[in-house]
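**Student:** Here you go, one structure.
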Amino acid sequence: MTNRKSFALAAVAAAAIIVPATAADARSMRAVGSSTVYPFAKAVAERVARANPKLGTPIIESTGTGAGMKLFCAGVGQRFPDVVNASRRMKASEAKACAANGVTSITEIQVGIDGLALATARSTGLSGLTTREIYMAIAKTPFGKPNKARTWKDVNAKLPAIPIRVYGPPPTSGTRDSLTELILTPGCETNGSMAALKKSDETKYKAICHGLRQDGAFIEAGENDNLIVQKLAGNPNTLGFFGYSFLEENPGKLKGVSINGVAPSYESISSFKYPGARPLYVYVKNAHANAIPAVRAFA
(Lines give C-alpha, C1' and ligand atoms only; values in the text may rest on other atoms or scores of the structure.)
Protein backbone atom coordinates (compact mmCIF):
# COMPACT_ATOMS: atom_id res chain seq x y z
CA MET A 1 0.00 0.00 0.00
CA THR A 2 1.36 3.43 -0.92
CA ASN A 3 1.34 5.97 1.86
CA ARG A 4 2.07 9.62 1.13
CA LYS A 5 2.93 12.14 3.77
CA SER A 6 3.74 15.78 3.15
CA PHE A 7 6.85 16.77 5.03
CA ALA A 8 6.92 20.56 5.34
CA LEU A 9 10.31 21.50 6.74
CA ALA A 10 9.59 25.23 6.57
CA ALA A 11 6.70 27.48 5.61
CA VAL A 12 7.27 27.78 1.86
CA ALA A 13 4.52 28.38 -0.65
CA ALA A 14 4.05 25.43 -2.98
CA ALA A 15 3.91 27.83 -5.88
CA ALA A 16 7.42 29.13 -5.21
CA ILE A 17 9.14 27.34 -8.07
CA ILE A 18 12.87 27.79 -7.67
CA VAL A 19 13.86 25.56 -10.58
CA PRO A 20 13.49 27.32 -13.95
CA ALA A 21 10.54 26.05 -15.98
CA THR A 22 12.99 25.34 -18.81
CA ALA A 23 14.61 22.65 -16.65
CA ALA A 24 12.22 20.16 -18.22
CA ASP A 25 13.82 20.87 -21.59
CA ALA A 26 17.37 20.65 -20.15
CA ARG A 27 17.17 17.19 -18.63
CA SER A 28 14.92 14.38 -17.52
CA MET A 29 14.30 13.41 -13.93
CA ARG A 30 17.22 12.22 -11.82
CA ALA A 31 16.96 10.00 -8.75
CA VAL A 32 19.75 8.86 -6.44
CA GLY A 33 19.88 6.68 -3.33
CA SER A 34 19.21 3.16 -2.11
CA SER A 35 20.57 0.12 -3.92
CA THR A 36 17.65 -1.83 -2.42
CA VAL A 37 15.04 0.47 -3.94
CA TYR A 38 17.04 0.79 -7.19
CA PRO A 39 15.51 -2.15 -9.16
CA PHE A 40 11.98 -0.99 -8.32
CA ALA A 41 12.74 2.65 -9.14
CA LYS A 42 14.34 1.51 -12.41
CA ALA A 43 11.19 -0.40 -13.34
CA VAL A 44 9.03 2.65 -12.61
CA ALA A 45 11.38 4.84 -14.68
CA GLU A 46 10.97 2.50 -17.65
CA ARG A 47 7.18 2.63 -17.31
CA VAL A 48 7.30 6.44 -17.24
CA ALA A 49 9.39 6.45 -20.42
CA ARG A 50 7.01 4.08 -22.23
CA ALA A 51 3.89 5.97 -21.19
CA ASN A 52 5.35 9.45 -21.70
CA PRO A 53 8.05 9.32 -24.43
CA LYS A 54 8.36 13.11 -24.53
CA LEU A 55 9.46 13.20 -20.88
CA GLY A 56 12.54 11.09 -21.48
CA THR A 57 13.71 8.16 -19.35
CA PRO A 58 14.28 9.11 -15.69
CA ILE A 59 17.89 8.53 -14.62
CA ILE A 60 18.20 6.25 -11.56
CA GLU A 61 21.54 6.05 -9.72
CA SER A 62 22.46 3.55 -6.99
CA THR A 63 24.51 5.61 -4.54
CA GLY A 64 23.32 4.22 -1.22
CA THR A 65 20.74 5.95 0.96
CA GLY A 66 23.17 8.04 3.01
CA ALA A 67 25.12 9.31 0.01
CA GLY A 68 21.86 9.89 -1.86
CA MET A 69 20.48 12.02 0.97
CA LYS A 70 23.59 14.22 0.88
CA LEU A 71 23.19 14.79 -2.85
CA PHE A 72 19.44 15.36 -2.58
CA CYS A 73 19.75 17.81 0.30
CA ALA A 74 22.60 19.80 -1.26
CA GLY A 75 20.28 22.28 -2.96
CA VAL A 76 17.55 23.18 -5.44
CA GLY A 77 18.25 23.57 -9.15
CA GLN A 78 19.17 21.67 -12.29
CA ARG A 79 22.43 20.21 -10.96
CA PHE A 80 20.77 18.62 -7.92
CA PRO A 81 18.76 15.35 -7.86
CA ASP A 82 14.98 15.55 -7.94
CA VAL A 83 14.29 12.36 -6.00
CA VAL A 84 16.07 10.21 -3.42
CA ASN A 85 15.23 6.55 -2.84
CA ALA A 86 15.74 5.31 0.71
CA SER A 87 15.80 1.97 2.51
CA ARG A 88 15.09 3.78 5.77
CA ARG A 89 13.33 6.97 6.82
CA MET A 90 15.02 10.34 6.40
CA LYS A 91 16.95 11.25 9.55
CA ALA A 92 16.31 14.48 11.47
CA SER A 93 19.90 15.54 10.73
CA GLU A 94 19.27 15.05 6.99
CA ALA A 95 16.04 17.05 7.12
CA LYS A 96 17.97 19.83 8.85
CA ALA A 97 20.67 19.74 6.15
CA CYS A 98 17.99 19.91 3.45
CA ALA A 99 16.37 22.96 5.09
CA ALA A 100 19.75 24.71 5.46
CA ASN A 101 20.28 24.37 1.69
CA GLY A 102 16.84 25.58 0.68
CA VAL A 103 15.25 22.16 0.18
CA THR A 104 12.28 23.11 2.30
CA SER A 105 9.33 21.32 0.75
CA ILE A 106 9.56 17.54 0.42
CA THR A 107 7.02 14.78 -0.09
CA GLU A 108 7.66 11.43 1.59
CA ILE A 109 6.20 8.35 -0.11
CA GLN A 110 6.33 4.94 1.54
CA VAL A 111 6.57 2.60 -1.44
CA GLY A 112 6.60 -0.77 0.26
CA ILE A 113 8.05 -3.11 2.85
CA ASP A 114 11.35 -4.91 2.35
CA GLY A 115 13.40 -7.37 4.35
CA LEU A 116 17.05 -7.06 5.26
CA ALA A 117 17.69 -10.67 4.32
CA LEU A 118 20.51 -12.85 5.58
CA ALA A 119 21.47 -15.43 2.97
CA THR A 120 24.12 -17.95 1.99
CA ALA A 121 24.87 -20.52 -0.72
CA ARG A 122 22.45 -23.43 -0.81
CA SER A 123 25.25 -25.87 0.10
CA THR A 124 26.23 -24.03 3.30
CA GLY A 125 25.56 -26.08 6.44
CA LEU A 126 24.03 -23.18 8.37
CA SER A 127 20.31 -22.47 8.25
CA GLY A 128 19.46 -20.35 11.26
CA LEU A 129 20.94 -17.81 13.69
CA THR A 130 19.71 -15.48 16.43
CA THR A 131 20.30 -11.74 16.58
CA ARG A 132 22.55 -12.40 19.60
CA GLU A 133 24.68 -14.89 17.64
CA ILE A 134 24.98 -12.55 14.66
CA TYR A 135 25.97 -9.68 16.96
CA MET A 136 28.55 -11.81 18.79
CA ALA A 137 30.00 -12.95 15.46
CA ILE A 138 30.45 -9.62 13.68
CA ALA A 139 30.59 -6.96 16.43
CA LYS A 140 34.03 -5.48 16.98
CA THR A 141 33.73 -5.62 20.77
CA PRO A 142 30.73 -7.80 21.72
CA PHE A 143 29.48 -6.73 25.15
CA GLY A 144 32.63 -4.64 25.53
CA LYS A 145 35.25 -7.36 24.97
CA PRO A 146 37.52 -7.88 21.91
CA ASN A 147 36.01 -10.32 19.44
CA LYS A 148 38.11 -13.48 19.30
CA ALA A 149 35.54 -15.72 17.60
CA ARG A 150 36.88 -17.27 14.40
CA THR A 151 34.10 -19.76 13.62
CA TRP A 152 30.37 -19.89 14.27
CA LYS A 153 31.08 -22.71 16.71
CA ASP A 154 33.07 -20.21 18.80
CA VAL A 155 29.89 -18.14 19.10
CA ASN A 156 27.66 -21.09 20.00
CA ALA A 157 28.91 -24.65 20.47
CA LYS A 158 25.76 -25.92 18.72
CA LEU A 159 26.70 -24.16 15.47
CA PRO A 160 29.04 -25.63 12.82
CA ALA A 161 32.77 -24.83 12.82
CA ILE A 162 32.42 -22.65 9.71
CA PRO A 163 34.69 -19.56 9.57
CA ILE A 164 32.85 -16.30 10.23
CA ARG A 165 32.77 -14.38 6.96
CA VAL A 166 29.82 -12.03 6.42
CA TYR A 167 29.33 -9.62 3.51
CA GLY A 168 27.34 -6.49 4.27
CA PRO A 169 26.61 -2.86 3.42
CA PRO A 170 28.99 0.10 3.85
CA PRO A 171 28.28 3.04 6.22
CA THR A 172 26.78 5.11 3.36
CA SER A 173 23.98 2.59 2.91
CA GLY A 174 20.54 2.75 4.49
CA THR A 175 20.82 -1.02 4.69
CA ARG A 176 23.74 -0.53 7.10
CA ASP A 177 21.45 1.57 9.31
CA SER A 178 18.87 -1.22 9.14
CA LEU A 179 21.51 -3.79 10.06
CA THR A 180 22.42 -1.69 13.09
CA GLU A 181 18.85 -0.98 14.17
CA LEU A 182 17.16 -4.31 13.44
CA ILE A 183 19.88 -6.90 14.04
CA LEU A 184 22.90 -5.59 15.99
CA THR A 185 21.03 -3.52 18.57
CA PRO A 186 18.57 -6.29 19.59
CA GLY A 187 21.48 -8.74 19.71
CA CYS A 188 23.55 -6.43 21.88
CA GLU A 189 20.66 -5.69 24.21
CA THR A 190 20.21 -9.35 25.08
CA ASN A 191 22.84 -8.42 27.66
CA GLY A 192 20.96 -6.48 30.34
CA SER A 193 23.93 -4.29 31.21
CA MET A 194 23.82 -2.69 27.77
CA ALA A 195 20.50 -0.95 28.46
CA ALA A 196 22.00 0.59 31.59
CA LEU A 197 25.10 1.65 29.64
CA LYS A 198 22.92 3.38 27.05
CA LYS A 199 21.55 5.64 29.78
CA SER A 200 24.90 6.34 31.42
CA ASP A 201 27.23 6.58 28.41
CA GLU A 202 25.53 6.56 25.02
CA THR A 203 28.78 7.07 23.10
CA LYS A 204 30.32 3.95 24.64
CA TYR A 205 27.05 2.07 24.14
CA LYS A 206 27.05 2.85 20.40
CA ALA A 207 30.69 1.82 20.05
CA ILE A 208 29.95 -1.54 21.68
CA CYS A 209 26.56 -2.26 20.10
CA HIS A 210 27.08 -0.79 16.63
CA GLY A 211 30.79 -1.20 15.88
CA LEU A 212 31.65 -3.91 13.34
CA ARG A 213 34.75 -6.05 12.97
CA GLN A 214 37.53 -4.90 10.66
CA ASP A 215 39.59 -8.08 10.65
CA GLY A 216 37.94 -9.75 7.67
CA ALA A 217 35.04 -11.40 9.49
CA PHE A 218 32.71 -8.62 8.28
CA ILE A 219 33.34 -7.40 4.74
CA GLU A 220 31.89 -4.19 3.33
CA ALA A 221 30.70 -5.10 -0.16
CA GLY A 222 29.78 -1.66 -1.44
CA GLU A 223 26.39 -0.59 -2.80
CA ASN A 224 26.08 -3.41 -5.36
CA ASP A 225 23.81 -6.10 -3.91
CA ASN A 226 24.24 -8.22 -7.03
CA LEU A 227 27.94 -8.41 -6.18
CA ILE A 228 27.08 -9.91 -2.77
CA VAL A 229 24.88 -12.48 -4.50
CA GLN A 230 27.82 -13.47 -6.72
CA LYS A 231 30.22 -13.64 -3.75
CA LEU A 232 27.88 -15.90 -1.77
CA ALA A 233 27.13 -18.19 -4.70
CA GLY A 234 30.84 -18.55 -5.50
CA ASN A 235 31.98 -18.97 -1.89
CA PRO A 236 29.89 -21.48 0.09
CA ASN A 237 29.95 -21.00 3.89
CA THR A 238 29.97 -17.20 3.53
CA LEU A 239 26.91 -15.16 4.54
CA GLY A 240 25.57 -11.82 3.39
CA PHE A 241 22.98 -9.14 4.14
CA PHE A 242 21.01 -7.44 1.36
CA GLY A 243 17.50 -6.53 0.25
CA TYR A 244 15.11 -9.50 0.09
CA SER A 245 14.35 -9.00 -3.62
CA PHE A 246 17.90 -10.12 -4.47
CA LEU A 247 17.35 -13.36 -2.55
CA GLU A 248 13.96 -13.87 -4.16
CA GLU A 249 15.53 -13.52 -7.62
CA ASN A 250 18.23 -16.14 -6.98
CA PRO A 251 16.51 -19.21 -5.46
CA GLY A 252 18.71 -21.61 -7.40
CA LYS A 253 21.91 -20.10 -5.99
CA LEU A 254 21.05 -18.96 -2.48
CA LYS A 255 18.94 -19.81 0.56
CA GLY A 256 17.68 -17.53 3.28
CA VAL A 257 19.04 -17.90 6.80
CA SER A 258 16.41 -17.76 9.54
CA ILE A 259 16.82 -15.14 12.25
CA ASN A 260 15.30 -15.92 15.65
CA GLY A 261 13.55 -18.88 14.04
CA VAL A 262 11.87 -16.87 11.25
CA ALA A 263 12.95 -17.34 7.63
CA PRO A 264 12.96 -14.39 5.24
CA SER A 265 9.90 -14.69 2.98
CA TYR A 266 7.23 -12.52 1.40
CA GLU A 267 4.79 -13.47 4.16
CA SER A 268 7.16 -13.04 7.13
CA ILE A 269 8.38 -9.68 5.87
CA SER A 270 4.96 -8.24 4.98
CA SER A 271 3.72 -9.21 8.46
CA PHE A 272 6.88 -7.82 10.13
CA LYS A 273 7.48 -11.21 11.81
CA TYR A 274 10.91 -11.40 10.21
CA PRO A 275 13.39 -9.37 12.34
CA GLY A 276 14.83 -7.68 9.26
CA ALA A 277 11.52 -6.26 7.93
CA ARG A 278 11.64 -2.53 7.14
CA PRO A 279 9.69 0.10 5.15
CA LEU A 280 11.10 1.66 1.96
CA TYR A 281 10.70 5.29 0.94
CA VAL A 282 10.97 7.73 -1.93
CA TYR A 283 11.43 11.46 -1.23
CA VAL A 284 10.43 14.02 -3.85
CA LYS A 285 11.72 17.59 -4.05
CA ASN A 286 8.46 19.51 -4.54
CA ALA A 287 10.01 22.50 -6.31
CA HIS A 288 11.45 20.16 -8.93
CA ALA A 289 8.15 18.32 -9.29
CA ASN A 290 6.57 21.61 -10.30
CA ALA A 291 9.23 22.24 -12.95
CA ILE A 292 10.08 18.80 -14.37
CA PRO A 293 7.01 16.82 -15.54
CA ALA A 294 8.80 13.46 -15.31
CA VAL A 295 9.15 13.88 -11.55
CA ARG A 296 5.39 14.03 -11.04
CA ALA A 297 4.88 11.13 -13.47
CA PHE A 298 7.45 9.06 -11.55
CA ALA A 299 5.85 9.84 -8.18
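The values are calculated or read from the model by the stated rules, or taken from the named source; none is laboratory data. Predicted model, so just to flag it, every value in this text is computed and none were measured. No Cβ is skipped: glycine too gets one built from the backbone with ideal geometry, and neighbour counts run over all protein chains shown. Remember, those area values only see protein heavy atoms, side chains included, never the ligands or the DNA or RNA. Shrake-Rupley method; radii C 1.70, N 1.55, O 1.52, S 1.80 Å.
**Student:** When 1/r is averaged over all different Cα pairs and the result inverted, which Kirkwood radius in Å belongs to the range 82-147?
**Tutor:** Working: mean 1/r = 0.0615 Å⁻¹.
Every distinct Cα pair counted, the radius reaches 16.3 Å.
**Student:** Kirkwood hydrodynamic radius of the range 34-86 from all distinct Cα pairs, in Å?
**Tutor:** Working: mean 1/r = 0.0855 Å⁻¹.
Computed over Cα pairs of the range 34-86, the Kirkwood hydrodynamic radius comes out at 11.7 Å.
**Student:** Starting from a Cα-only point model with no solvent, please compute log10 I(q)/I(0) by Debye for the chain at q = 0.07, 0.13 1/Å.
**Tutor:** Log10 of I(q)/I(0), two decimals: -0.30, -0.91.
**Student:** Can you list which of the chymotrypsin sites (Phe, Trp or Tyr not before Pro) found in the range 171-279 are DSSP loop residues with at most 13 other C-beta atoms within 10 Å?
**Tutor:** Phe272
**Student:** Can you compute the radius of gyration and Dmax for the range 73-114, using only the Cα atoms, both in Å?
**Tutor:** Using the Cα atoms of the range 73-114, the pair Rg, Dmax is 11.0, 31 Å.
**Student:** For a quick check of your reading of the filter: which GluC sites (Glu not before Pro) in the range 221-299 sit in a DSSP loop and have no more than 15 other Cβ atoms within 10 Å? Provide the component values of the computation, followed by the final result.
**Tutor:** On the way: sites: Glu223, Glu248, Glu249, Glu267; in loops: Glu223, Glu249.
Here the sparse-neighbourhood loop sites are Glu249.
**Student:** Under a no-solvent Debye model with one identical scatterer per Cα of the range 214-299, what's log10 I(q)/I(0) at q = 0.13, 0.15, 0.18, 0.20 Å⁻¹?
**Tutor:** -0.61, -0.73, -0.88, -0.97
**Student:** Whole number in Å², please: accessible area per residue of the range 54-208, 1.4 Å probe, ligands, DNA and RNA not counted.
**Tutor:** Numbers: 6810 Å² over 155 residues.
It amounts to 44 Å² per residue over the range 54-208.
**Student:** Give the carbon-plus-sulfur fraction of the accessible surface of the chain in %, rounded to a whole number; probe 1.4 Å, heavy atoms of protein chains only. Present the calculation step by step, with values, prior to reporting the outcome.
**Tutor:** Details: 7320 of 13690 Å².
Exposed carbon and sulfur together represent 53 percent of the surface.
**Student:** Take the chain, mark every one of the trypsin sites (Lys or Arg not before Pro) that falls in a DSSP loop and has at most 12 other Cβ within 10 Å, then report the longest stretch left between them, sites excluded. Please list the in-between numbers first.
**Tutor:** On the way: sites that count: Arg79, Lys148, Lys158.
It works out to 159-299.
**Student:** Could you work out the relative contact order of the range 158-299? I mean the mean sequence separation of Cα pairs under 8 Å and 6+ apart, divided by the number of residues, in percent.
**Tutor:** Values: 128 pairs, mean separation 35.8, N = 142.
This gives 25 percent for the range 158-299.
**Student:** Just the Kirkwood number for the range 143-254, please: inverse of mean 1/r across all distinct Cα pairs, in Å, one decimal.
**Tutor:** Details: mean 1/r = 0.0649 Å⁻¹.
Across the range 143-254, the inverse of the average 1/r is 15.4 Å.
**Student:** Could I ask something else about it? Longer than 21 Å from Cα to Cα, which of Lys140/Lys255; Lys145/Lys198; Lys91/Lys206 are they? Say none if no pair is.
**Tutor:** Result: Lys140/Lys255 exceed 21 Å.
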